[in-house]
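The values are calculated or read from the model by the stated rules, or taken from the named source; none is laboratory data. Treat the numbers as computed from the prediction; the structure is a model and nothing was measured. So basically every Cβ, Gly included, is an ideal-geometry build from the backbone, and we count neighbours across all protein chains shown. Ligands, DNA and RNA are excluded from the accessible area calculation, which covers all protein heavy atoms including side chains. Shrake-Rupley method; radii C 1.70, N 1.55, O 1.52, S 1.80 Å.
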Amino acid sequence: MEDDKKMTRRQVVTGLGATLAAAAVSPVLAGPPTNNHNNSMEAKISDPTTLHPKPPFRSQPQPWPGLQSKMDPVPDCGETSYKGSGRLQGRKALITGGDSGMGRAAAIAYAREGADVAINYYPSEEQDAQEVIALIKKEGRKAIAIPGDLRSENFCKSLVQKALAGLGGLDIIVNNAGRQQSINSIVDVTTEEFDSTMKTNIYAPFWIIREALPHLPPGSAIIGTTSEQAYDPSPDLYAYAQTKAATMNYVKSLAKQLGPKGIRVNGVAPGPIWTALQISGGAQPEKQQMFGSWTMLGRPGQPAELASIYVQLAAADASFASGQVYGSSGGVGQP
Ligand code: NAD
Ligand code: MG
């Protein structure tokens, strides 16, 4: 190993020679561009370790389900940064949990890519939701707000019907809403809490997909938000983590079932992302304050950093991607 790092005198001289040679021709290389390359379109590269806020964060518990507009720092869902390029022109999307976090980032990105978007959220999240509705409308796209509790089968059915009526059809469904409550011991997990987690994370996607399927044309995309928890569960997330394993699993079974109909089914598996879910009971207080410190980037992800994955999985040019789970977790976690 050490030997690899040592350079011989000959290598140093050769390297130097190459540098000098490059310097000699650099005036030519640095001259005015000879093609039509637009410098303003050049990719800007940024260091991901310094791109977004790092822990420690101030303690800021909120009652479930939390408002992200009251968080410090407010999660970045791409409000000022996401730029579309027509990848979802004319598409019609329903996104659950579209008021905040990953769902909000997906909603903003979808609208900027040319899609009409219906968002569902819990009624107490109206404030966050109205910001998203305004951002979608600003893009000149249809924005439909459908508040309601996903733990109700009847509501899930009416959600799909309202989205179909409001958008004039559906071809993207993002089952993103989720319930996560950190409870250290299984002894303290009430039947009501366990049931709420199962209803929100497992039953609601089932009810929504079953209701929507007869209306989805070939080329449609279904996306589920799973988690690194599906693969490496935390001890305090006994109920939640198993629902994320179930999400990963339904993505793969439905991809097989619906592939012949031309409908793709995929999942996104985030690592630790700075969202209202974490400060409204999703993580223990000490974990909230140091949230994301254990990733290789030394910080949590921001929802905006996953927006392009939701776009990619919905886009028509991802036509061979089905049954896949795309991760985004800062160098730790799976898949
Ligand atoms: P978030 O709190 O911003 O979004 C979750 C949303 O779920 C809420 O805004 C709410 O609208 C919705 N919701 C929950 N229960 C509901 C109910 N009964 N009825 C209607 N809506 C309900 O947090 P987020 O982190 O963006 O969560 C989005 C998804 O990402 C969830 O599925 C979550 O499990 C998953 N996830 C989050 C992380 C993370 O670290 N934040 C990591 C992996 C996976
Ligand atoms: Mg919310």
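Numbers at a glance
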{"read-out": "Test set (1) in contact (Cβ under 8 Å) with a residue 12 or more places away in the chain; (2) open to solvent by 30 Å² or more (accessible area, probe 1.4 Å); (3) within 16 Å of ligand 1 (Cβ to nearest atom) - Thr200 fails condition number", "value": "(2)"}
{"read-out": "Which listed residue, of Glu125, Glu139, Glu113, Glu153, is within 15 Å of ligand 2 (Cβ to nearest atom) and of a type in the set (Asp, Glu)", "value": "Glu125"}
{"read-out": "Elements of type helices (runs of 4 or more DSSP H) in region 237-335, at least 1 residues being of a type in the set (Lys, Arg)", "value": "238-258, 285-289"}
{"read-out": "Count of region 88-112 residues which are assigned to a loop (DSSP other than H, G, I, E, B) and in contact with a helix residue (DSSP H, G or I) (Cβ under 6 Å, 6 or more places away or on another chain)", "value": "5"}
{"read-out": "Counted residues, region 167-181 - those being over 13 Å from Ala212 (Cβ atoms) and crowded, with 19+ Cβ neighbours inside 10 Å", "value": "6"}
{"read-out": "One residue from Gly219, Gly298 being surrounded by fewer than 16 Cβ atoms within 10 Å (Cβ to Cβ), away from ligand 2 (no atom under 16 Å from the Cβ) and over 22 Å from Ala106 (Cβ atoms)", "value": "Gly298"}
{"read-out": "Residue that is most open to solvent (accessible area, probe 1.4 Å) [pool: residues in region 66-84 that are in contact with a Gly (Cβ under 9 Å, 6 or more places away or on another chain) and assigned to a loop (DSSP other than H, G, I, E, B)]", "value": "Gly84"}
{"read-out": "Residues of region 63-81 classified as more than 25 Å from Ile136 (Cβ to Cβ) and touching a residue at least 60 places away in the same chain (Cβ under 8 Å), total", "value": "2"}
